[in-house]
Ligand SMILES: *Cc1c(COP(=O)(O)O)cnc(C)c1O
C-alpha cells in the first residue's frame, strides 16, 4: 500500500491515500474516507484539524499584512511574545519557523552565554535517545541511534548522557559545559518519562554549577501534558525553553523563550527572514488564547486520564503490551514484540492514525479537544489491532481490519 510519489525525495513511505481535508479529530482522503487522527501531524494540530479559532485568525491576518520584514514591528509578534512570557514566567522571546530552528538558536544562545559568562564554555549536554530536530547541528545534538553516521563529520560540542540518570548528569557537567539541553519527556524515543524528581534535580544541578537549563518542550509543551509547559507541572523554571509543533495550531512556527540573564544575543547575532511573521504569529496567538482559557487544561487532564485508564485496561486484557508511558494526551505503548509498525498499519487500514516511533513502540497524540467518544472509539480499534497483532505473532498471519466508516 506504500507509494513513492514522483518528484518527491523518498524520505518516507507514504500510504497511498491522498489527504484532502481535515476537521477536528478527523482527516479525510480524496475518496471521502474518514480517519480518526491520533497523531495530528505529530502533535502539530493541538486543536485538531482546521480549528475555527486558528482559521479565522489566519484569514483575518492574511487580509491585513503577511510579512512586513522581521526588522519592522508587527502587532501579532509583540502580542505573542507578551502572552508566552506572561504565561511561562520567562522574559524574552524569539520566533522562527520550526522546532529544529528553535533548538539551533537556543544552542547558539547557550554557547554565546558560555563565552560571556563561563570563560568560553561551549559544551552542551544532551541525552541518549533525545530528539531535537534534523538540521546539521540538531542531528549532532540528538541522541538517535545511527544519526551520527548519516552525514559526518558531525558538529562537535555535544556530550550525551543516559536520560533520567542524575549521577551521569552530575559527572558530565564540567568547566567546558555551558548548558544542559533535554526534553522533559522524550517524545520520539517512544514517550520516555524520567523518574519523578529528575527535572527538579537537573534544575538544582544546573543552578548549582552555574550552567543553563534549556528545555525542549516542542512536543511536551503547548498544553500537551495539561499545562502550557510540562516543566510547570514540576515547578521548574528553565533558563531557556523551545517551542514548536502545537504552537501554531497547524502552521509552522518555532519559539525560543529565555530569562533576561540568558537572553544574551546582541544586535545582529541571530535572525531569519520569516521569523515572527504576522501570519504565523496570529495563528499562535489564537492557539494560546484558546488553550489558556479557564478550565482548558483541566479538561486536557481529564481526557488524558480517560485515555490512560482505557490503555491500562488494554494492557491488562491484551497481554501484548509491555509498558505504558505518558502524561496528559501524550502516550506511548511498548509492545512485548516488535510489531508496532504492523499494528500502526493495521490501524491505518481500519481508519485510525497512530504511529510507531520504534519497532516495538506505538504513540498516541490526539488533539487537545478530543472527545470522550473519540477516545472510546480509539480504544476499541486499538484493542482489535492488538488482538490481530497477538494472532500475527503466534501464527504469522495478517487479519484484514474492518473500516471505521
Ligand atoms: C518535533 C521535535 C523537534 C523538531 O521540530 P521540527 O519542527 O520538526 O524541526 C525538536 N524537538 C522535539 C522534542 C520534537 O518533538
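Laboratory data are not the source of any read-out in this text; all were calculated from the coordinates shown. Since the structure is predicted, the reported quantities are computational estimates derived from the model, not experimental observations. Using ideal geometry, Cβ is built from the backbone for each residue, glycine included, and neighbour counts are taken over all protein chains shown.
Compute the Rg to Rh ratio over region 337-392 from the alpha carbon atoms, using the Kirkwood formula for Rh, and round to two decimal places.
The Rg/Rh ratio comes out at 0.97.
Gyration tensor analysis over the Cα atoms of region 306-374 returns equivalent ellipsoid semi-axes of 18, 15, 11 Å (largest first, whole Å).
Kirkwood-type hydrodynamic radius, region 104-261: 15.6 Å, calculated from all non-identical alpha-carbon pairs.
By counting other Cβ atoms within 10 Å of each Cβ, how are 260, 384, 305 ranked from fewest to most?
Listed from fewest to most nearby Cβ atoms, that is 260, 305, 384.
The modelled label-to-label distance between residue 82 and residue 207, using points 7 Å beyond Cα along the C-beta direction, is 3.0 nm. In plain terms, the residue of 209, 132, 230 with the fewest other Cβ atoms within 10 Å comes first and the most crowded comes last, giving 209, 230, 132. From the P(r) of region 62-170, could you give the percentage of C-alpha pairs in the tail past 22 Å? So the pairs more than 22 Å apart make up 49 percent of the total in region 62-170. Cα axis of helix 278-291 to longest principal axis of the chain: angle in degrees, 0 to 90, nearest 10? So the inclination is approximately 70 degrees.
Relative to the longest principal axis of the Cα atoms of the chain, the long axis of helix 372-395 lies at roughly 70 degrees. Counted over the chain, the DSSP beta bridges are approximately 65% antiparallel.
Does region 221-290 come out rounded, prolate or oblate by the C-alpha gyration tensor, with a ≥ b ≥ c the root eigenvalues, rounded set by a/c under 1.5 and, if not, prolate when a/b is larger than b/c and oblate if not?
Oblate.
The fraction of Cα-Cα pairs per 10 angstrom bin, counted from 0 for region 1-88, comes to 13, 29, 30, 22, 6 percent, rounded to whole percents.
Here the sum of -39500 (n - 2.57) over DSSP H runs of 4 or more residues, divided by the residues of the chain, equals -11500 deg cm²/dmol at 222 nm, to the nearest 500. Listing 13, 37 from fewest to most neighbouring C-beta atoms within 10 Å gives 13, 37. The Rg/Rh ratio for region 275-343 is 1.19, where Rg is the radius of gyration of the alpha carbons and Rh is the Kirkwood radius.
Listed peptides 135-142, 93-100 appear in the order 93-100, 135-142 once ranked by packing, highest mean of other Cβ atoms within 10 Å at the front.
With axes computed from alpha carbons, what is the tilt in degrees of helix 52-62 against the longest principal axis of the chain, rounded to the nearest 10 within 0 to 90? Its long axis makes an angle of about 50 degrees.
For region 183-275, taking Cα atoms only, Rg and Dmax work out to 14.2, 40 Å respectively. Highest mean packing comes first when the peptides 367-373, 150-156, 104-110 are listed by Cβ atoms within 10 Å, giving 104-110, 367-373, 150-156.
Sorting 234-242, 15-23 by average packing, meaning the other beta carbons within 10 Å per residue, from highest down gives 234-242, 15-23. Computed over the alpha-carbon atoms, the chain gives an Rg to Rh ratio of 0.97, Rh here being the Kirkwood radius from the mean inverse distance.
Every Cα-Cα pair of region 115-171 was included, and the share exceeding 19 Å stands at 33 percent. Take the Kirkwood radius over Cα pairs of region 253-389, plug it into Stokes-Einstein at 10 °C and 1.306 mPa s, and you get 91 µm²/s for translational diffusion.
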